[in-house]
Amino acid sequence: MTTFTPSSSEEVLSVVLGALSEEAPLEIVGHGSKRGIGRLVQAAHTLDLSALSGVTLYEPEELILSAKAGTPLAEIGKLLDDNRQQLAFEPMDYGPLFGDGPGRGTIGGVLAANISGPRRIKAGAARDHILGIHAVSGRGEAFKSGGRVVKNVTGYDLSKAMAGSWGTLAVVTDLTFKVLPAAETETTLAVRDLTDDVAANVMAHAMGSSAEVSGAAHLPVLVSGKVAGGALSGAAATLLRVEGVTPSVAWRIGHLKDLLKAAGEMQEIGAEQSRALWRDIRDCAPFAGGKKPVWRVSMAPSEAHRMVDALRRQAGANAFYDWQGGLIWLEMEADPEASALRAMIRRFGGGHATLIRAAEPERAALDVFEPQPPALAALSARLKAEFDPKGILNPGRMSGTG
Amino acid sequence: MSGLTMPPSDKATLARRAEIVADMRLIVPGEGVVDATSEMRAFETDGLTAYRQLPMVVVLPETTRQVARILKYCNERNIKVVPRGSGTSLSGGALPLEDAVLLVMSRFNRILDIDYPNRIVVAQPGVTNLGISIAVEQDGFYYAPDPSSQIACSIGGNVAENSGGVHCLKYGLTANNVLGIEMVLMNGEIVRLGGRHLDAEGYDLLGIMTGSEGLLGVVTEVTVRILKRPDMARALLVGFPSSEEAGQCVADIIAAGIIPGGMEMMDRPAIHAAEAFVHAGYPLDVEALLIVELDGCGAELDHLIGRVEEIARQNGSVTCRISQSEEERLVFWLGRKAAFPAVGRISPDYYCMDGTIPRKELPRVLHGMRELSEKYGLRVANVFHAGDGNLHPLILYDANIPGELDKAEAFGADILKLCVKVGGVLTGEHGVGVEKRDLMGEMFNQTDLDQQMRVKCAFDPGHLLNPGKVFPQLRRCAELGRMHIHRGQMPFPDIPRF
């Protein structure tokens, strides 16, 4: 068991070629902040990309940023912040959920896990902002895809193929992302004490308005006290975030209040507290640090609360909702209840569930990622084989596919 | 056809044409199979009219099951298939092959579901891009990507090409607005990717499919995100004495944190052609004209319009009009939207190019284009999605003058090479197709292209779906799959390790 820490893409290529010649699989890690997700990788060696670090190009006026894969997300966040720009997909930090503390994670990991945050519903995920990559395939070949401009349809989009591939197709060494201006200010409107079904309607109504809501979450009463330092405790909170220039935010918040006036008691949350609040929602703070199994479920927003309600008749679970309801964070009382949950998701129109936090034996025994129907699973396996025919990159991490 | 090599025709397939046509009629009964030369003429080209080829047979299926049976039949018999939506491709993506079935998806023309709570429309692939917006407009919604062919182009074709439009800097391309598809693989298997939820449970196959130009699968259903229309939109029409100043104005607007709904630039020849055609009141004594459109609530527009006007003034604008009514805003756009036909009026033919460049390189690229224009003796007019650096040079030529099409194509190729040289790409939204196929080597080396072709192998190992497009040279999947491992080499040389 050797850990390699290359500091150039040439060295990464060399490690992969070495692994191929020995047929010795590699576990690929950045900071390891998401190592708790997915099946445990059985690998002879570790390829640690944390020394492959540094922003190589940042042109704010062209809206692009290029960095080596091991560049800390925090470093990129600071640089963008200094220029009043951001990664608009609002990448979450998995650290707190695993009790590891915040601030770790690399830009390569952001793409490998296709990370996003509350703004996913308006601005997309990492997949929607990646413009180009350089990578080394499991065949031991360095290749590139995409480019450094914000609009490009030349050839297949292999950069997107890396999104959510958890390092099982290729080792990405360099990435170029689209960056966007950060909002001048933000305000959150909190509607209090709604049941899950009424909250779903309120969020749908708000998202279907012209108020350009950039975050829509519902925290049931058991969860609402666990964000923003307890500022929302005591009653459920349905949260609608509006971002932009000051006069626009004020007008749109007024518009939302008018639109939702029959819904219930409302309060406005100012910029500073709003930022803290959405950071907690983004990072799944209500379930941070514990040991109970945590699922991340993506469904049609209108069906999510129905699914949760039905599931609770079978198993103990605590839940809160982001993405207008379409993202459910689910903390199970005891067992992960994988088959009950997945059956219920299918019953309510489909989607997918990923077991984010679980004990090692459970991760080894269960499908961490949603199993696919046979034709799709076979297609995914063929794609894996075209990138990594010898199975030397993160073998087993995604079980079924990779 | 000027100098384009397509895959060699399969004589065995052509010899069995009558039998294949009869079998197609068994799968698609009624009027859905067209084999008379006169009727197939309508399908011999797409939006890239320089290239024409009659297909072996045209098949217009109506159901996913029929598509699956056609593809399975062709796959088992080694018959090529070219999929086609509305046939508006500007890169020859739907150019038929002599020995291929042309699979036309236009009868898949129904909207299957409108779901306002989830802000989703489920449509068959033959529904037009504009058709989706029209279906939801009475409730104040629309589908954001708006390619200029939106009246005719199909949503299935939009998925194949990852189509953009003037609003994509703010609202994204097709890839950012499609949530799911149903598709049929060449082996006849039906696969669903995504749905009404966000993100994939495994590999982002939807991301790979979007922009794959009909080489990986045939889309039979599309689920898209719809948006509420902004309260209002207002536009500024700003003239500059040089493209440098206009370009700097665009950069400064973005640097100020403003992402306009649309930001278009036209150069002097394009301004003059458009003004002569539609009389939009464009200034004629400027070198560059910007249309900056802001959308949102009234409070936001009041706030931002003043800032954009100020930025324009600081960059030396010589004219600046701000739309005072919806009618006036539409007049500002009239010339830009009619730019292509306007250029068509001043030249017998024109050839529309589609490169993207880093915006800061605009002056250099425009200068290079002027030099090339002199070298080739052909005029060029430029319209430019200024916000995202997507350039549409229109090369003016006369196809009736022998050799002039070849000259226009060589000119176009030189422009695209220049785009790549300054850090840009061959195509921003029109696709590679046959048009830019042989230029792929300008951007990608053989290893890059081989890995793209291996993706093709995972979907269609026989290279039967839309062959001859995108890749300059097709390599057999068995050959691509071969590994060359050097066991003699020292494993893991000289890498820091613990």
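The values are calculated or read from the model by the stated rules, or taken from the named source; none is laboratory data. Everything numeric here is computed off the predicted structure, so don't read it as measured data. Because the Cβ atoms are built from the backbone with ideal geometry, glycine has one as well, and the counts that use them run over all protein chains shown. Quick note on the areas: whole protein, heavy atoms, side chains included, nothing else; ligands and nucleic acids left out. Shrake-Rupley method; radii C 1.70, N 1.55, O 1.52, S 1.80 Å.
Brief remarks follow.
- Residue-level check: of (1) more than 14 Å from chain B (Cβ to nearest Cβ); (2) under 15 Å from the mean Cα position of the chain (by Cα), A:A343 misses just (2).
- Matching residues, the range A:207-226, being of a type in the set (S, T, N, Q), open to solvent by 10 Å² or more (accessible area, probe 1.4 Å) and in contact with an Asp or Glu (Cβ under 9 Å, 6 or more places away or on another chain): A:S210
- Of all residues assigned to the range B:197-217, at least one qualifies as being within 12 Å of chain A (Cβ to nearest Cβ), touching a Lys or Arg at 6+ places or on another chain (Cβ under 7 Å) and among the β-branched types (V, I, T).
- Within the range B:110-155, the residues that satisfy the criterion of being out of contact with any strand residue (DSSP E or B) (no Cβ under 8 Å at 6 or more places or on another chain) and open to solvent by 10 Å² or more (accessible area, probe 1.4 Å) are B:P117, B:L130, B:I134, B:E137, B:Q138, B:D139, B:D146, B:P147, B:S148, B:S149.
A quick yes/no check of all residues on (1) over 17 Å from the mean Cα position of the chain (by Cα); (2) over 30 Å from B:I79 (Cα atoms):
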site	(1), (2)
B:S163	no, no
B:V166	no, yes
B:L169	no, yes
B:V184	yes, no
B:E189	yes, no
B:L193	yes, no
B:H197	yes, yes
B:D204	yes, no
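- Residues being touching a helix residue (DSSP H, G or I) at 6+ places or on another chain (Cβ under 6 Å), assigned by TED's automatic domain parsing to the domain that holds A:L65 and not polar (S, T, N, Q) are represented in the range A:149-156 by at least one member.
- Selected residue [more than 14 Å from every other protein chain (Cβ to nearest Cβ) and modelled with pLDDT of 95 or more] from B:S347, B:S373: B:S373
- The C-beta contact set for the range B:113-134 (first residue on the phi > 0 side of the Ramachandran plot, second residue among the aliphatic types (A, V, I, L, M), distance under 6 angstrom, 6+ apart or interchain) comprises B:R119/B:I226.
- Among the residues of the range B:297-325, the ones that are more than 13 Å from chain A (Cβ to nearest Cβ), in a helix (DSSP H, G or I) and among the small types (G, A, S) come to 1 in all.
- Filter pass, B:L294 being closer than 26 Å to A:V213 by Cβ, touching a residue at least 24 places away in the same chain (Cβ under 8 Å) and part of a helix (DSSP H, G or I): no
Results for (1) at pLDDT below 95; (2) assigned to a loop (DSSP other than H, G, I, E, B); (3) in contact with an Asp or Glu (Cβ under 7 Å, 6 or more places away or on another chain), shown as yes or no for each residue.
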residue: A:P102; (1), (2), (3): yes, yes, yes
residue: A:L131; (1), (2), (3): no, no, no
residue: A:A161; (1), (2), (3): no, no, yes
residue: A:T176; (1), (2), (3): no, no, no
residue: A:T187; (1), (2), (3): no, no, yes
residue: A:V191; (1), (2), (3): no, no, no
residue: A:H205; (1), (2), (3): no, no, no
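- Tally, over the range A:241-270, of residues that are touching a residue at least 40 places away in the same chain (Cβ under 8 Å), in a helix (DSSP H, G or I) and open to solvent by 30 Å² or more (accessible area, probe 1.4 Å): 5
- Contact map, the range B:421-444: residues that are under 12 Å from B:S91 (Cα atoms) paired with residues that are in a helix (DSSP H, G or I) and open to solvent by less than 10 Å² (accessible area, probe 1.4 Å), Cβ distance under 6 Å, separation 6+ or inter-chain. Pairs shown: B:L426/B:L416.
- Subset of the range B:278-291 [open to solvent by 20 Å² or more (accessible area, probe 1.4 Å) and free of Cβ contacts under 8 Å to residues at least 60 places away in the same chain]: B:H279, B:G281, B:P283, B:L284, B:D285, B:E287
- A:V172, sole failed condition from (1) modelled with pLDDT of 95 or more; (2) touching a His at 6+ places or on another chain (Cβ under 8 Å); (3) open to solvent by less than 10 Å² (accessible area, probe 1.4 Å): (3)
- Residue in the range A:12-23 that is within 10 Å of another protein chain (Cβ to nearest Cβ) and part of a loop (DSSP other than H, G, I, E, B) present: yes
- Considering (1) modelled with pLDDT of 95 or more; (2) open to solvent by 20 Å² or more (accessible area, probe 1.4 Å); (3) outside the structural domain of A:S274 (by TED's automatic domain parsing); (4) over 30 Å from B:I485 (Cβ atoms), the lone condition that A:D197 does not fulfil carries the number (3).
- Sole exception among (1) open to solvent by 10 Å² or more (accessible area, probe 1.4 Å); (2) in contact (Cβ under 8 Å) with a residue 60 or more places away in the chain for B:E374, by number: (2)
- Selection status of B:V470, part of a loop (DSSP other than H, G, I, E, B), farther than 27 Å from A:V172 by Cβ and open to solvent by less than 10 Å² (accessible area, probe 1.4 Å): no
- The residue list A:S165, A:S145 contains one member that is facing another protein chain (nearest Cβ under 8 Å), in a strand (DSSP E or B) and within 24 Å of the chain's Cα centre (by Cα), which is A:S145.
- Search result, residues across the range A:318-344 that are out of contact with any strand residue (DSSP E or B) (no Cβ under 8 Å at 6 or more places or on another chain) and polar (S, T, N, Q): A:S339
- Scanning the range A:353-372 for residues that are assigned to a helix (DSSP H, G or I), within 14 Å of another protein chain (Cβ to nearest Cβ) and open to solvent by less than 20 Å² (accessible area, probe 1.4 Å) turns up nothing.
- Index of the failed condition, A:S339 passing every other in (1) open to solvent by less than 10 Å² (accessible area, probe 1.4 Å); (2) over 27 Å from B:D460 (Cα atoms): (1)
- Complete set of residues in the range B:422-462 that are closer than 13 Å to B:C477 by Cβ and within 10 Å of chain A (Cβ to nearest Cβ): B:D450, B:Q451, B:Q452, B:M453, B:R454, B:V455, B:K456, B:C457, B:A458, B:F459, B:P461
- Restricting the range B:227-277 to residues that are aliphatic (A, V, I, L, M) and without any contact (Cβ under 8 Å) to a residue 60 or more places away in the chain, the residue that is most open to solvent (accessible area, probe 1.4 Å) is B:A255.
- Tally, over the range A:373-402, of residues that are more than 7 Å from chain B (Cβ to nearest Cβ), without any contact (Cβ under 8 Å) to a residue 40 or more places away in the chain and assigned to a helix (DSSP H, G or I): 5
- From the options B:R192, B:R196, residue that is more than 15 Å from B:S86 (Cβ to Cβ) and assigned to a strand (DSSP E or B): B:R192
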